Amino acid sequence: MTNEANEIWMGPLAPLSKGGMERPRIGIAGISIESSTFSPHLSGDEAFTIRTGDDLVGYYPFLDAGTELREAAEWVPIHHGRSLPGGAVRAETYNRMKQAILTGIAEAGPFDGFFFDIHGAMSVVGMQDAEGDLGTAVRAALGGDVLVSASMDLHGNVSRELLDAVDLITCYRMAPHEDAMNTKERAVHNLLTQLRSEGGSDPRARRPWKAWRQVPVLLPGEKTSTRLEPARGIYGDVAEVADRPGVLDAALWVGYAWADEPRCQATVVVTGEDQEVIAREAERLARSYWDARDDFVFVGPTATLGEALDAALADDAARPFVISDSGDNPTAGGAGDVSWTLGQLLERPELVPPDRCVIHASIFDPAAVAEAVRAGVGARVTLEVGGRVDPNPRGPVTITGEVFSLTDGDPTAGTQAVIRSGSVHAIITERRKPFHRLQDFRMLGLEPSTADVVIVKIGYLEPELHALAADWILALTPGGVDQDLLRLGHHHLAPGVHPFDTSIENPDLTPVVTRR
């Protein structure tokens, strides 16, 4: 298996077969969000970027004008909502997007194929399988003859209801997700392969067999990074299975650990024409994942926040030292305003003098940002920051310091303020924002490469932060995406899901082999 995303793009389409569809009509729609049911944050209309028309087609570079995939079909963009991870989606927001998709299908159909672009870990208030509900509704609107191909995040969940609503289904093979767009291209490539194949104009002939098995294991992404074993080897095997004769694709979902729903667990799906091969390989992949369940470890060294700060502030520490403030990671579904870590920083006596540079990214608090804006750059302010959406384990934190910088116009964060209190440079944003790129800091007047310590609300480090860190620790901090899963309080998982229930030693991993 390669771990370079630019080396795993799909090759050209196979030639059009006799009886295949030369230029099928394909719709595009979906909803994509990762939702923590342990976060009090709720994701409403404001959380979603809606794409329709040319904006939706233009989101996918493999559908740029003149590309092979663009010319191979008539693409019909319908409606797509995409959001940063967050809390559960408000029911009215979900229902509006769902209805827009169903209305669009009714108005723009009929279709030969459908690209269903979803995440797989969307939770909706009052529901336990949002993607299953959406997939079933989409299938009913499309009718039984339309070939549906779903693209998903590997931290999604695949219930039987979702499986039965689609014909093709795949997910990322890399964590961090450097192959996200590659996976979407693969979903489209697989769809066109089936429609262009011999008998592709026959609805039943073009439907492949699917071998599906849920694996009763639920682990956080920070323990299943493909940068290290055993995930690296297991996902290498997934790619090899996908290349075998009789197999169209293979996928392994880790599942989403911060939602409390029965569907949340690992899943294997192998798709193809050879029922015996796909069943055998699906069971083998499921067994390898189950057998490795106790071998998964955190992607980096872990510690309490206090221990991490002790190491980062030591005289001999490598610089810059990066600390993952993992419990409130907004890219896993955290609220983004947990104030606990900032409070701990402000209480460290060695950070009271201004002779170091410690960056904390970030807390979203529009009221605090507005106060900083009113005061202006250079003013001394006392602000109550964070802990308004998610007050656990502490509410707002008081920070007194200088308004170091104010920055307008970020499309994600809105207005951003940096407050310098002693050595601490606290980033406060108007809206939730993950800090993954060095430019995210530099646009605020901060230079992470010369900082002593950079603390980021994240789990495993994204590529630029990974390259930046001279050393790093994943701090096991509290929040809606706490890495200590057992203290979160799951109550609705399926029986026997490891590590929550260790009573099952040898689960039945025989796959269900089906096609619509």
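Among Ala251, Ala312, which is the only one that is of a type in the set (A, V, I, L, M, F, W, C), touching a helix residue (DSSP H, G or I) at 6+ places or on another chain (Cβ under 9 Å) and either under 30 Å from Ala88 (Cβ atoms) or touching a residue at least 24 places away in the same chain (Cβ under 8 Å) (or both)?
Values: Ala312 fails: touching a helix residue (DSSP H, G or I) at 6+ places or on another chain (Cβ under 9 Å).
Going through Ala251, Ala312 in turn, just one is of a type in the set (A, V, I, L, M, F, W, C), touching a helix residue (DSSP H, G or I) at 6+ places or on another chain (Cβ under 9 Å) and either under 30 Å from Ala88 (Cβ atoms) or touching a residue at least 24 places away in the same chain (Cβ under 8 Å) (or both): Ala251.
Based on what the data block shows, is Leu342 in a strand (DSSP E or B) and under 30 Å from Thr37 (Cα atoms)? For Leu342, the condition - in a strand (DSSP E or B) and under 30 Å from Thr37 (Cα atoms) - is not met.
Residues of segment 296-333 that are among the aliphatic types (A, V, I, L, M) and not in a loop (DSSP other than H, G, I, E, B): Ala303, Leu305, Ala308, Leu309, Ala311, Ala312, Val322, Ile323.
Of all the listed residues (Ser339, Ser288, Ser362, Ser326), the sole one being of a type in the set (Gly, Ala, Ser), closer than 30 Å to Val512 by Cβ and in contact (Cβ under 8 Å) with a residue 24 or more places away in the chain is Ser288. Being more than 30 Å from Gln194 (Cβ to Cβ), within 17 Å of the chain's Cα centre (by Cα) and open to solvent by less than 20 Å² (accessible area, probe 1.4 Å) is a property that Ser326 has. The residue list Glu131, Glu185 contains one member that is in a helix (DSSP H, G or I), surrounded by 22 or more Cβ atoms within 10 Å (Cβ to Cβ) and at pLDDT 95 or above, which is Glu131.
When Asp164 is tested against (1) crowded, with 20+ Cβ neighbours inside 10 Å; (2) in contact with a Lys or Arg (Cβ under 8 Å, 6 or more places away or on another chain), only condition (1) is not met. Hey, any hits in segment 227-245 for a residue that's assigned to a loop (DSSP other than H, G, I, E, B), under 17 Å from the mean Cα position of the chain (by Cα) and of a type outside the set (Asp, Glu)? Within segment 227-245, one or more residues are assigned to a loop (DSSP other than H, G, I, E, B), under 17 Å from the mean Cα position of the chain (by Cα) and of a type outside the set (Asp, Glu). Applying the criterion of being within 20 Å of the chain's Cα centre (by Cα) and of a type in the set (A, V, I, L, M) to the residues of segment 33-70, the residue that is most open to solvent (accessible area, probe 1.4 Å) is Ile50.
Yes or no: Thr502 among the polar types (S, T, N, Q) and out of contact with any strand residue (DSSP E or B) (no Cβ under 9 Å at 6 or more places or on another chain)?
On the way: among the polar types (S, T, N, Q): yes; out of contact with any strand residue (DSSP E or B) (no Cβ under 9 Å at 6 or more places or on another chain): yes.
Judged against the criteria, Thr502 is a match.
Looking at segment 188-211, which of its residues are in a strand (DSSP E or B) and buried (at least 24 other Cβ atoms within 10 Å of the Cβ)? Lys210, Ala211, listed by residue number. Among residues of segment 391-403 that are within 14 Å of Arg380 (Cβ to Cβ), those with a beta-carbon under 8 Å from a residue that is open to solvent by less than 60 Å² (accessible area, probe 1.4 Å) and of a type in the set (Ser, Thr, Tyr) at least six positions away or on a different chain give the pairs Ile399/Ser421; Thr400/Ser421; Gly401/Ser421; Glu402/Ser421. Quick check on this structure: which one of Glu92, Glu22 is closer than 30 Å to Asp243 by Cβ and either in contact (Cβ under 8 Å) with a residue 12 or more places away in the chain or not hydrophobic (A, V, I, L, M, F, W, C) (or both)? The conditions single out Glu22.
The values are calculated or read from the model by the stated rules, or taken from the named source; none is laboratory data. All values derive from a computational prediction rather than experimental measurement. Here the Cβ is made from the backbone with ideal geometry for all residues, glycine too, and neighbour counts use every protein chain on show. Ligands, DNA and RNA are excluded from the accessible area calculation, which covers all protein heavy atoms including side chains. Shrake-Rupley method; radii C 1.70, N 1.55, O 1.52, S 1.80 Å.
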